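Here the structure is laid out as structure tokens; the discussion comes afterwards.
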Amino acid sequence: MEIRENLLDRIAEAEREGRLGEREGLRVSLAGAKAKIGRIDPAASGGPVLLGLPTPRANRTTRTCGGRSTRPRRAGARRWPSPTT
């Protein structure tokens, strides 16, 4: 990750130049960046991503069959609107 690499470069520079306070601040920033990346991208940790099993919806009254609703129509309901004259 580019942010992580940048922080590592800045930490190395601060160590070379003897800026210990800046080095510690950058290390804190690096730890925060690593934690945030881990939260944003769970796959970055290398472990499996658990999605869980699908569960049926409660009180579902209609089903679909090839895109058509299989719910029974009301008595006397028209299948298609009547043409206007």
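The values are calculated or read from the model by the stated rules, or taken from the named source; none is laboratory data. Being a predicted model, the structure only gives us computed values, none of them experimental. When we count neighbours, we look across all protein chains shown, and the Cβ atoms used for this are built from the backbone with ideal geometry, even at glycine.
Restricting attention to region 4-47, and to residues there that are at pLDDT below 85 and either hydrophobic (A, V, I, L, M, F, W, C) or in contact with a helix residue (DSSP H, G or I) (Cβ under 9 Å, 6 or more places away or on another chain) (or both), which single residue is surrounded by the most Cβ atoms within 10 Å (Cβ to Cβ)?
Ile37
Those residues that are touching a residue at least 24 places away in the same chain (Cβ under 8 Å) and of a type outside the set (Lys, Arg), I need them from region 1-41; list them, please.
Met1, Ile3, Leu7, Leu30, Ala33, Ile37
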